[in-house]
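**Q** To start, I am sharing the structure in question, which I have written as structure tokens.
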Amino acid sequence: MRIIKTIFAAATLLLLSVLPGHAQTRLLPQFEIMTEDWSPYQFTRDGVLVGISTDIVVELLKAVGSKQDRKDIIMYPWARGYKTLQKRPNAALFLTTKTHERASQFKWVGPIFTNTTYLIAKKFRSIKINHSGEVKSFRIGAVIDDVSVEYLNELGVPREKLTLNRASEFILRMMAIDRIDLVIDNWDNFLANAKMTGINPDLYERVYVVRADEVGIAFNRAVPDWVISRLQKALDDLRAKGVIDDLFKKYGLVPESQR
């Protein structure tokens, strides 16, 4: 009888270990958490990594009982972070655009918001783009390995028309001195970069909507599904409590739920 009870107890523990509720008692793995400089979503202020998405990730880690926090987030140039995400089993990268091609390459927690990508030009140039076929005739600046390069390739923009750099501020400076005609960017990031580089954003305008895609936190495929589910629930709870909206307001942006 004692043997039967022991076997029953062991079987019960094994069953509990695979139930979703029991996942709450498991310790999360130590992630290699990476981001890029993309203000106002993630950037450094007085040597501290801050921003809307950074603060969201910190709140997520806290909500799921992780021992990791803000100090464990590493800022890399986008290309390096993206390559690391593909290679390291516990890697996480935010914010990452969830394109059709990327959807199956990674596991996802999100969306954080829907990112609209624009082509931006100087107002005095009076550039008008009526359809996608006209885009390929302009000189365009983009960040190396960023999803915007994929968008431009889909639009048929030839390589010789592209100016690529790892920093979006450099590309903005190139347009300021008329070395390129357009930059491809999120409007809020463009405004933040203009402020940082001393460029008057009132002299620029959005001339074409390229794409609107969800952005979130991408994880290497090796991360267990129960970890993703736990983080996703925590994100959903933060959104329901209004925490996400409050963080957008904290950094001077209108929450997506109010647009």
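The values are calculated or read from the model by the stated rules, or taken from the named source; none is laboratory data. Quick caveat, the model's predicted, so the values are computed rather than measured. Every residue, glycine as well, gets a Cβ built from its backbone with ideal geometry; the counts of neighbours run over all protein chains shown. Only protein heavy atoms, including side chains, enter the accessible area calculation; ligands, DNA and RNA are left aside. Shrake-Rupley method; radii C 1.70, N 1.55, O 1.52, S 1.80 Å.
**Q** Using only helices, what value at 222 nm comes out for the chain when you add -39,500 (n - 2.57) per DSSP H run of length 4 or more and divide by the total residues, to the nearest 500 deg cm²/dmol? The partial results should precede the final answer.
**A** Numbers: 9 runs with 95 residues, N = 259.
When only DSSP H runs of four or more count, the value is -11000 deg cm²/dmol.
**Q** Roughly how many percent of the accessible protein surface of the chain is carbon and sulfur, given a 1.4 Å probe and a whole-percent answer? The partial results should precede the final answer.
**A** Numbers: 7390 of 13530 Å².
After summing per-atom areas, the C and S share lands at 55 percent.
**Q** Take every Cα pair under 8 Å in the chain that's 6+ residues apart, average their separations, divide by the length, and report that relative contact order as a whole percent. Write out the running numbers ahead of the final one.
**A** Details: 397 pairs, mean separation 69.3, N = 259.
Rounded, it is 27 percent for the chain.
**Q** What does the charge count near residue 195 come to, summing +1 for each Lys or Arg and -1 for each Asp or Glu among other residues with Cβ under 15 Å from its Cβ? All intermediate terms of the calculation are to be shown ahead of the outcome.
**A** Details: positive: 45, 173; negative: 37, 169, 185, 188, 202.
Net local charge, residue 195 excluded: -3.
**Q** Ok, one more. Any idea what % of Cα-Cα pairs in segment 46-196 are farther than 18 Å? The partial results should precede the final answer.
**A** Values: 7239 of 11325 pairs.
The calculated P(r) of segment 46-196 puts 64 percent of pairs beyond 18 Å.
**Q** Could you state the per residue volume, in Å³, of the convex hull enclosing the Cα atoms of segment 105-259? Could the numbers behind the result be given before it?
**A** Numbers: hull volume 20.3 nm³, N = 155.
Cα convex hull per residue, to the nearest whole number: 131 Å³.
**Q** Between residue 202 and residue 137, with labels modelled 7 Å along Cα→Cβ, what's the label distance in nm to one decimal, could you check?
**A** The modelled label-to-label distance comes out at 3.2 nm.
**Q** Quick one: order 108, 226, 78 from most to least accessible surface, probe 1.4 Å. List each step's numbers first, then the result.
**A** Details: 108 35, 226 55, 78 10 Å².
Ranked from most to least accessible, the order is 226, 108, 78.
**Q** Another question, if that's okay. Round to a whole angstrom and tell me the spacing of the C-alpha centers of segment 64-142 and segment 194-259.
**A** 11
**Q** In addition: In whole Hz and in residue order, list the ³J(HN,Hα) couplings for segment 78-88 that follow from phi through the Karplus curve 6.51 cos²θ - 1.76 cosθ + 1.60, θ = phi - 60°; x for Gly and Pro.
**A** Calculated HN-Hα couplings, in order: 3, 4, 5, x, 5, 5, 5, 4, 6, 9, 9 Hz.
**Q** Please give the per residue accessible area of the chain, computed with a probe of 1.4 Å over protein heavy atoms only, in Å².
**A** Computed with neighbouring chains in place, this is 52 Å² per residue.
**Q** Please work out the ratio of the alpha-carbon Rg of segment 121-201 to 2.2 N^0.38 Å and round it to two decimals.
**A** Working: Rg = 12.1 Å, N = 81, 2.2 N^0.38 = 11.7 Å.
Relative to the rule-of-thumb radius for its length, segment 121-201 sits at 1.03.
**Q** Moving to a separate point now. With Kirkwood's inverse mean 1/r over C-alpha pairs for Rh, give me the Rg to Rh ratio of the chain, two decimals please. Don't skip to the answer; put the middle values down first.
**A** Values: Rg = 21.6 Å, Rh = 20.1 Å.
Ratio value, two decimals: 1.07.
**Q** Could you give me the ³J(HN,Hα) list for segment 242-259, computed from phi with Karplus coefficients 6.51, -1.76, 1.60 and θ = phi - 60°, whole Hz, x at Gly and Pro?
**A** Once θ is set to phi - 60°, the couplings for segment 242-259 become x, 5, 5, 4, 5, 5, 4, 5, 4, 9, x, 10, 7, x, 4, 5, 10, 7 Hz.
**Q** Continuing with this model, one more query. With θ set to phi - 60° and the Karplus curve 6.51 cos²θ - 1.76 cosθ + 1.60, what are the ³J(HN,Hα) couplings of segment 196-209 in order, to the nearest whole Hz, using x for Gly and Pro?
**A** 5, 9, x, 9, 6, x, 5, 8, 10, 8, 7, 10, 6, 8
**Q** Could you tell me the calculated FRET efficiency between residue 221 and residue 26, based on Cβ-Cβ distance and R0 = 22 angstrom, to the nearest 0.05? Before the final figure, lay out each step's value.
**A** Numbers: r = 19 Å, r/R0 = 0.87.
With R0 = 22 Å, the Cβ-Cβ based efficiency is 0.70.
**Q** Which pairs, out of 107/128; 128/241; 87/195; 83/128; 71/241; 136/250, put more than 31 Å between their alpha-carbon atoms? If you can, show how the numbers build up before the last one.
**A** On the way: 107/128 38 Å; 128/241 42 Å; 87/195 35 Å; 83/128 36 Å; 71/241 25 Å; 136/250 38 Å.
Result: 107/128; 128/241; 87/195; 83/128; 136/250 exceed 31 Å.
**Q** I want the local charge near residue 176. Using Cβ-Cβ distances under 11 Å, sum +1 for each Lys or Arg and -1 for each Asp or Glu among the other residues. Write out the running numbers ahead of the final one.
**A** Numbers: positive: 122, 173, 179; negative: 169, 178.
Charge balance near residue 176 sits at +1.
**Q** Using modelled amide H (1.01 Å from N, peptide plane; none on Pro or chain starts), what sits under 5 Å from the amide H of residue 115, excluding residues fewer than 5 places away?
**A** HN-HN under 5 Å from residue 115: 213, 214, 215.
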